[in-house]
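Trainee: Here it is, the structure, as structure tokens.
Please treat every number below as a calculation from the coordinates, not as lab data. Note that the coordinates shown come from a computational prediction; the quantities given were computed from them, not determined experimentally. Cβ sites come from the backbone with ideal geometry, for glycine too, and all protein chains shown count toward neighbours.
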Amino acid sequence: MTPTQQIELLRAACCVAGIDKEASEAEMNVIDKLVKKTGVGRASLQAMVDRATSDEEFYKEQFNVLKADPSESMSFLLQVAMADGKLTDGEIHVLAKLSQRLSVSTEDFQRLISQVNEMLS
């Protein structure tokens with residue numbers, strides 16, 4: 001994954017974490033792994049998280065931009081969504097939009113969500 005794709009994935013991960021208007025500590029711990037890879041500073045990360053928790057336009061931008069590796073990206077985004085031990089309707093909605101952008105089939109996406117729900121039960 002290129003550095004640009006890693007940044008795109010980081011922004012998308014912030015969207016997944018922030019869809020319920022807060023990014024939990026567990027979600028941020030998963031995101032921090034990617035932050036270390038990208039070299040994004042704390043102020044930039046905080047700006048992304050702030051925007052993800054308060055600005056619906058941020059999500060729309062990510063739905064148009066994300067072009068990273070589909071398998072690696074979906075795996076990471078699902079880790080973020082699962083980090084706090086629950087998968088909300090908002091997270092599923094954002095993940096569905098991002099999966100479309102990554103060209104993940106609807107069937108594969110539904111299978112992934114079912115597997116996540118089973119793991120969280």
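Trainee: Can you list residue pairs whose Cβ atoms sit under 6 Å apart, with the first residue in segment 29-43 being surrounded by fewer than 12 Cβ atoms within 10 Å (Cβ to Cβ) and the second being of a type in the set (D, E, K, R)? Count only pairs 6 or more apart in sequence or on different chains.
Mentor: Going by the 6 Å Cβ cut-off, there are no qualifying pairs.
Trainee: Another question, then. Here is a list: A12, A52. Which entry is part of a helix (DSSP H, G or I), out of contact with any Leu (no Cβ under 9 Å at 6 or more places or on another chain) and not charged (D, E, K, R)? Walk me through how you get there before you give the answer.
Mentor: Numbers: A12 fails: out of contact with any Leu (no Cβ under 9 Å at 6 or more places or on another chain).
Just one listed residue meets the conditions, A52.
Trainee: I want to confirm something. Restricting to segment 62-113 and keeping residues that are closer than 15 Å to C14 by Cβ and of a type in the set (S, T, N, Q), which single residue is surrounded by the most Cβ atoms within 10 Å (Cβ to Cβ)?
Mentor: Looking at residues that are closer than 15 Å to C14 by Cβ and of a type in the set (S, T, N, Q), I get S73.
Trainee: Of all residues in segment 70-103, which are hydrophobic (A, V, I, L, M, F, W, C), part of a loop (DSSP other than H, G, I, E, B) and under 20 Å from L120 (Cα atoms)? Before the answer, list the steps.
Mentor: To start, the set of residues in segment 70-103 that are hydrophobic (A, V, I, L, M, F, W, C) comprises 74, 76-78, 80-83, 87, 92, 94-96, 98, 102.
Then keep just the ones that are part of a loop (DSSP other than H, G, I, E, B); that gives 83, 87, 102.
The answer is A83, L87.
Trainee: So which of A81, A26, A68, A17 is farther than 25 Å from M119 by Cα, of a type outside the set (D, E), in contact (Cβ under 8 Å) with a residue 12 or more places away in the chain and touching an Asp or Glu at 6+ places or on another chain (Cβ under 6 Å)?
Mentor: Details: A81 fails: farther than 25 Å from M119 by Cα; A26 fails: farther than 25 Å from M119 by Cα; A17 fails: farther than 25 Å from M119 by Cα.
Sole residue among the options that is farther than 25 Å from M119 by Cα, of a type outside the set (D, E), in contact (Cβ under 8 Å) with a residue 12 or more places away in the chain and touching an Asp or Glu at 6+ places or on another chain (Cβ under 6 Å): A68.
Trainee: Mind listing just one residue for me: the one in segment 82-121 that is of a type in the set (K, R) and closer than 21 Å to F58 by Cα and, of those, farthest from the chain's Cα centre (by Cα)? Full working, then the answer.
Mentor: So the first thing to find is which residues in segment 82-121 are of a type in the set (K, R), and the list is 86, 97, 101, 111.
In the following step, the residues that additionally are closer than 21 Å to F58 by Cα were identified as 97, 101.
Details: K97: 11, R101: 12 Å.
It comes out as R101.
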